[in-house]
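The block underneath contains the structure these notes are about, expressed in structure tokens.
The values are calculated or read from the model by the stated rules, or taken from the named source; none is laboratory data. Just so we're clear, the structure is a prediction, and the values are computed from it rather than from any experiment. Here the Cβ is made from the backbone with ideal geometry for all residues, glycine too, and neighbour counts use every protein chain on show.
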Amino acid sequence: MKRHTPRIEDYAPIGDMQTAALVCRDGSMDWLCLPSFDSPSVFTQLLGTQEHGSWRLGPTTGDDQAPYADRRSYRGDSLILASEWDTPTGTVRVTDFMPPREGHAPQLVRIVEGLTGRVEMESVVRPRFGYGRYKPAIHREDGRPVAYSGPDALWLDTSATVTVENAALHSRFTVTKGQKVAFALSWHSSHHSHTSAPQIPDTDLALKATEEFWSEWVSRCTYGGRYRDAVIRALITLKAMTYAPTGAIVAALTTSLPETIGGVRNWDYRYTWLRDAATTLSALLQSGYQEEAANWRRWLLNAVGGDPQDLQIMYSIRGERDLSERELDWLPGYKGSKPVRSGNGAAGQLQLDVPGEVIETLFQAHRYGVARCERTADLHLKLVDYLKHRWREADDGIWEGRGDQRHFVHSKIMVWVAVDRTVQLVEAGLLETDLDELVELRDEIHAEVCERGFDPVRNTFTQSYGSPELDAALLLIPRTRFLPPDDPRVIGTVAAVRRELEPSDGLVHRYATVGEALGTDGLPGDEGAFLICSFWLVDALALTGELDEARALFERLLSLRNDVGLLAEEYDAVAGRQLGNFPQAFSKIGLIESAVLLHELESAAVPAIAA
């Protein structure tokens, strides 16, 4: 079957809070890692060809290119995806979902339903284990097709006839109006005996249970502003990116989707960055989700351990530290974007903003009424002590460049945030430590940043001490309350960032890149506009009194979402397409926090610190 490479925005995720699959608009499931987010993928067509694994389910095409669904949407406020095709002979719907795991194996369910007429359908399950590298052996156990490879086994259950050809499971069948044909694919360890084979799922009950789960979870949302639909979809996506057994949150569901087509800026985001997870929890807290904050806090305590000197910027979803980066050279990459990577070498970087992000989230947890925890208080104070001794060092910065360490202004500001929030908690009687020492440290950091990180000639803060470059992270200055929004230095910084990093109306780049030459981040090539930076611009405009312009930009950013309301990491304004790993937690966080801020500024309702 001929196929043009889909755009990143042509995909939509389904998941069970332990892993997720990406389903294309042509009915092909092109990305799936089992049994968890960071496991090797079994469907990898997203980064290669169909021979690297996929599951296509849709109207029969023969050798022609599979048509895109005429309509698709999530079923209500859920992660149940419905795609509909209008064909010359009738209309058909495919409903895709993954039931949350309740003592059963990971399952993918795809239900075909005839809506009108008569439609011939085909299903081709082509598992390729080890990131598309290995074909399975396929046989039947008690009549059930099973694909084995090493430690993994996939069981396919369906009423349709299944044949095996070229290590793939093929079905052809016809549905008429009102007729349903269900498929369920279950993962199981191949080391289990026959007696522990996964149960044949009741797909109707699984659908009902999945609907009920999402309905109950969404009902807890406290956001009631004008952008509720967009916020709910973002929240559902963030929940789907949360690893239920530990409470960890992945930065994205994918690896190596490029920041520029054909380039080398392709990274593995299936891990838990403390920064990303902390800001995700902040967004969830602002929307009424305290349980997720408590679960993440427990994961944080276990992952970090007892000594912040050993702090990493990211961990696995289980808290593991070794995220060694390697290249999967058998994969051609998305539209030829190589290398494809597994693991992330940035795990060993020094990023001094990260403790600040963690402490800010712990502060927000107090603010929104999450119960105090002695272990967390102990970690909080250890993080502050760690920063006392290291804040003067150069670091790698928020963007994880592969260049030299520098004194990044954003990093220093987040150290100030860590100390400032600790001061507030001590003053509120929620922490016990030397208050005078903290106030003195806070003032010292503030004075140094204003002296060494500010360019008085251009009236702007800069990316790092003494550098002429700018950084979109500087847009966070008013939100962090490092300076008041009406301070001339804040106004000047927002104007400078817009002048130098906003080549397209409202779409902000992280920092300047220089084509194929090595940039200050140590990497060649350019990239798209980084979407969370544009949401930061929304916040900066709103806080500096440009509320109408902020709202207009926010609504423009909403228009960049795909047809089911999702955003990747970046956006190419010239090509009009999304770039980078997908869906991206950072982009969803930006959307939620901007929506909440706009609502608060419009209603002048800001919660107070809980004593």
- request: Could you tell me whether segment 122-140 includes any residue that is out of contact with any Ser or Thr (no Cβ under 6 Å at 6 or more places or on another chain), more than 16 Å from residue 188 (Cα to Cα) and not in a strand (DSSP E or B)?
  value: yes
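Among the candidates 249, 317, 313, which residue alone is over 15 Å from the mean Cα position of the chain (by Cα), at pLDDT 85 or above, buried (at least 22 other Cβ atoms within 10 Å of the Cβ) and under 30 Å from residue 577 (Cβ atoms)? Let's see the steps before the verdict.
On the way: 249 fails: over 15 Å from the mean Cα position of the chain (by Cα); 317 fails: over 15 Å from the mean Cα position of the chain (by Cα).
Of 249, 317, 313, the one residue that is over 15 Å from the mean Cα position of the chain (by Cα), at pLDDT 85 or above, buried (at least 22 other Cβ atoms within 10 Å of the Cβ) and under 30 Å from residue 577 (Cβ atoms) is 313.
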- request: Hey, can you tell me all the residues within segment 149-173 that are surrounded by fewer than 16 Cβ atoms within 10 Å (Cβ to Cβ) and assigned to a strand (DSSP E or B)?
  value: 163, 164, 165, 172
task: May I ask you to list the residues in segment 66-101 that are under 24 Å from the mean Cα position of the chain (by Cα) and acidic (Asp, Glu)?
output: 77, 96
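Check 564, 574, 538 and return the single one that is assigned by TED's automatic domain parsing to the domain that holds residue 460, crowded, with 24+ Cβ neighbours inside 10 Å and either under 27 Å from residue 265 (Cβ atoms) or among the hydroxyl-bearing types (Ser, Thr, Tyr) (or both).
538
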- line: Reported set for segment 453-486 where residues are of a type outside the set (A, V, I, L, M, F, W, C), closer than 19 Å to residue 418 by Cβ and out of contact with any strand residue (DSSP E or B) (no Cβ under 8 Å at 6 or more places or on another chain) is 478, 479, 480, 481
task: Using the structure shown, decide if residue 187 is of a type in the set (Phe, Trp, Tyr) and touching a His at 6+ places or on another chain (Cβ under 9 Å).
output: no
field: residue 358, sole failed condition from (1) under 27 Å from residue 253 (Cα atoms); (2) outside any helix (DSSP H, G or I); (3) of a type in the set (Val, Ile, Thr)
entry: (2)
Pairs where the first residue, in segment 372-398, is under 12 Å from residue 308 (Cα atoms) and the second is among the charged types (D, E, K, R) and at pLDDT below 95, C-beta under 7 Å, 6+ apart: none
